[in-house]
1. Quick one: residue 393 ticks every box in (1) more than 16 Å from the ligand (Cβ to nearest atom); (2) more than 23 Å from residue 163 (Cα to Cα); (3) open to solvent by 10 Å² or more (accessible area, probe 1.4 Å); (4) not small (Gly, Ala, Ser) bar one, so which box is it?
2. Residues in segment 509-523 that are surrounded by 18 or more Cβ atoms within 10 Å (Cβ to Cβ) and out of contact with any Cys (no Cβ under 8 Å at 6 or more places or on another chain): how many?
3. From the residues in segment 331-350 that are of a type in the set (Val, Ile, Thr) and within 20 Å of residue 562 (Cβ to Cβ), which one is surrounded by the fewest Cβ atoms within 10 Å (Cβ to Cβ)?
4. Is it the case that residue 540 is surrounded by 23 or more Cβ atoms within 10 Å (Cβ to Cβ), closer than 21 Å to residue 231 by Cα and out of contact with any Ser or Thr (no Cβ under 8 Å at 6 or more places or on another chain)?
5. Can you give me the number of residues within segment 107-136 that are closer than 23 Å to residue 514 by Cα and in a helix (DSSP H, G or I)?
6. Out of (1) open to solvent by 20 Å² or more (accessible area, probe 1.4 Å); (2) modelled with pLDDT of 95 or more; (3) more than 12 Å from the ligand (Cβ to nearest atom), the odd one out for residue 327 is which?
7. Under the condition of being closer than 30 Å to residue 211 by Cβ and within 16 Å of the ligand (Cβ to nearest atom), which residue from segment 239-260 is surrounded by the most Cβ atoms within 10 Å (Cβ to Cβ)?
Amino acid sequence: MQSLKLPSASHRSLVSSVPSSVKVIPRVGVRQLPLSGPSTESVSSAKSINAPRNVSASVAKMLNTASSAKKVPLVSELPAWQALKEHVSDIEKTHLRDLLHDEARCMALIKESEGIYCDFTRQRVTQRTLELLYELAEQSNLRGKINAMFNGEHINSTEDRAVLHVATRAHRNQKIFVEGRDVVPDVWEVLDKIKAFSDKVRNGQWLGVTGKPLKSVVAIGIGGSFLGPLFVHTALRTEPNAMRASRDRSLRFLANVDPIDVARALDGLDPEETLVVVISKTFTTAETMLNARTVRSWLIARLGSEAVAKHMVAVSTNLKLVKEFGIDPENAFGFWDWVGGRYSVCSAVGMLPLSLQYGFDIMQEFLAGANNMDEHFKNQPYQDNLPVLLGLLSLWNVSFLGHGAKAILPYCQALSKLAPHIQQVDMESNGKGVDINGVRLPFETGEIDFGEPGTNGQHSFYQLIHQGRVVPCEFIGIVRSQQSVYLKGEVVSNHDELMCNFFAQADALAYGKTPEQLRSDNVPDYLIPHRVFTGNRPSLSIMMPSCSAYTVGQLLAMYEHRIAVQGFIWNINSFDQWGVELGKVLASKVRNTMNGVRTRDRKVLPQDGFNYSTTRMMNKYLEGKTQVLYPEGHDVFPIDMLRGGATTAAAAGKL
Ligand SMILES: O=P(O)(O)OC[C@H]1O[C@H](O)[C@H](O)[C@@H](O)[C@@H]1O
């Protein structure tokens with residue numbers, strides 16, 4: 001168990017620095033609270049965490065001292081924040097209907113980089129808003145924080161870690177340092193190993209224990225070890241090159257600890273042809289490890305214990321636990337603590353399963369796309385920098401216009417898993433209650449993200465975003481579809497039909513429909529209030545030339561960096577996730593009680609330490625008919641995966 005080191009002096013100055021030219025507006029009524037987060041005790045008792053187990057008292061003390069010294073202003077105390085607050089009343093006098101007629105404004109709000117076209121004209125901003133947002137970025141030391149990230153400083157201060165997912169997609173000849181050491185050669189050592197292994201599996205040099213090629217891959221992982229790879233897998237499934245490269249192969253995911261997910265992931269698979277990739281940064285996550293043990297038992301029941309060596313590989317930073325699980329470290333693919341779980345899709349977490357499915361060359365294009373956006377983010381000035389603009393405008397919508405949610409609406413079925421992935425990246429990163437020094441914030445951070453591909457969303461929740469709550473929308477369109485259909489005689493091709501909606505929705509939200517327009521359309525008076533659209537609802541539109549491995553990489557990195565921009569300005573730690581720990585600790589307490597009750601045939605008792613409500617509900621659950629008996633029972637698998645197969649290890653005669 002490693003304990004945390006103190007953040008470096010340079011980092012301490014970074015988190016506490018505001019350019020000296022900035023006059024800080026004094027804090028009124030903001031109480032300085034001690035560093036919040038799980039106590040050392042609760043953290044060390046949690047089974048599966050990404051963070052080192054014991055946050056040293058000295059780190060907590062140091063961060064706390066920084067806050068109690070009252071040297072660090074909150075972002076809401078900066079002059080630019082106050083100026084933006086005052087500027088809201090100017091914006092409230094405008095309507096997008098009019099703003100969209102200002103051509104100079106519109107020209108300034110359309111940006112393009114390497115094929116990624118972003119139209120911000122339907123944001124409720126003027127040139128003045130942008131100037132103030134750039135000023136806020138300056139006063140918040142945004143540039144310094146971006147540089148600190150790329151320079152490998154320990155900006156994840158509560159875990160004392162660098163944040164360098166950008167290194168996982170660096171070109172071979174780039175240099176990126178962590179504590180004075182260039183990590184790019186390490187990254188490429190793993191990538192070369194992934195290429196060699198995935199080539200061998202794909203071309204049949206690596207066979208299963210019975211001599212059959214391994215055509216199906218089951219990737220077991222949850223959270224960041226699942227959502228990013230699922231997003232990219234889904235994005236490329238119908239991309240012509242990726243489709244050709246994955247002919248006769250399949251990649252499935254198993255994330256939920258629900259046995260139903262096990263049944264669905266394994267249903268119809270032939271274990272002789274199945275390779276299992278266990279993906280877990282920590283290799284302690286309860287759900288992943290139970291699923292891994294379940295699938296290992298399934299393999300052994302059908303193929304014998306020697307199958308593990310040929311049918312199971314792992315991706316983790318914890319190679320010791322990989323070995324203890326029974327996977328040969330030779331068949332493990334490492335990554336590093338400076339890659340956060342939700343930022344890990346470009347590491348072996350995504351690259352191994354996706355290279356097995358699509359081949360390494362295609363996945364290298366994905367890395368190149370992400371790297372292209374990294375360079376853009378690092379080098380472009382604020383006014384041309386797509387992630388910076390996206391981040392600043394989101395911050396404007398959340399912190400000044402009061403819109404706490406945003407909808408991610410790709411007009412491309414291939415991007416259907418973008419919103420679920422961004423939910424984790426954004427909400428786990430920026431859903432925080434204190435600033436980086438542990439001071440409770442007097443405003444809310446983070447956004448509620450949700451989304452569905454267009455046009456499906458239109459027939460579901462768009463009613464609310466047109467006439468109910470104001471939810472800033474992000475429309476994502478593709479110029480050249482992965483697949484094309486045109487039926488002779490139809491007005492437009494199928495993809496054009498889809499894109500007609502992409503263009504129409506943004507203007508419908510912006511312009512709305514007035515009572516006058518309705519009257520001139522002869523709408524009866526009693527219906528007019530129901531059919532009025534107020535308009536003035538902000539959205540932005542992103543258009544990509546195609547949905548390829550390269551552009552998906554660009555898109556992913558653009559979203560990752562815009563989330564960092566927001567966190568940097570709110571001055572929170574976007575790279576820790578203490579908020580997920582408490583539930584895990586309590587689940588472990590329930591687990592112990594559950595085992596006691598099931599094995600000793602008794603009720604949950606008040607001395608088990610649960611409140612009335614939980615005790616009663618657990619007893620109600622436990623009284624229900626259980627399908628399996630333990631501890632004396634034998635291995636039981638979900639019924640679906642038993643089709644045509646042995647039901648238990650014992651029945652298969654393999655143990
Ligand atoms: O990759 P693992 O260590 O198994 O972690 C999987 C997930 O666990 C937790 O829920 C964290 O909050 C996530 O950020 C992480 O992605």
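The values are calculated or read from the model by the stated rules, or taken from the named source; none is laboratory data. Computed from a prediction, not measured in an experiment: that's the story for all the values here. Because the Cβ atoms are built from the backbone with ideal geometry, glycine has one as well, and the counts that use them run over all protein chains shown. We work out accessible area using only protein heavy atoms, side chains counted, and drop any ligands, DNA or RNA first. Shrake-Rupley method; radii C 1.70, N 1.55, O 1.52, S 1.80 Å.
1. (3)
2. In the first step, residues of segment 509-523 are kept if they are surrounded by 18 or more Cβ atoms within 10 Å (Cβ to Cβ); the result is 509-512, 518.
Now drop any that are not out of contact with any Cys (no Cβ under 8 Å at 6 or more places or on another chain), which leaves 510-512, 518.
Adding up the residues that qualify gives 4.
3. Quick first cut of segment 331-350, residues of a type in the set (Val, Ile, Thr) only: 339, 345, 349.
Filter once more, so that each one left must be within 20 Å of residue 562 (Cβ to Cβ): 339, 345.
Working: 339: 26, 345: 30.
So, considering only residues that are of a type in the set (Val, Ile, Thr) and within 20 Å of residue 562 (Cβ to Cβ), the one surrounded by the fewest Cβ atoms within 10 Å (Cβ to Cβ) is 339.
4. Values: surrounded by 23 or more Cβ atoms within 10 Å (Cβ to Cβ): yes; closer than 21 Å to residue 231 by Cα: no; out of contact with any Ser or Thr (no Cβ under 8 Å at 6 or more places or on another chain): yes.
It is false that residue 540 is surrounded by 23 or more Cβ atoms within 10 Å (Cβ to Cβ), closer than 21 Å to residue 231 by Cα and out of contact with any Ser or Thr (no Cβ under 8 Å at 6 or more places or on another chain).
5. Going through segment 107-136 one residue at a time, the tally reaches 0.
6. (1)
7. Once the filter is applied, the top-ranked residue is 254.
Yes/no per residue for (1) farther than 30 Å from residue 365 by Cβ; (2) at pLDDT 95 or above; (3) assigned to a helix (DSSP H, G or I):
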residue	(1), (2), (3)
498	no, yes, yes
509	yes, yes, yes
527	yes, yes, yes
540	no, yes, no
545	no, yes, no
561	no, yes, yes
572	yes, yes, no
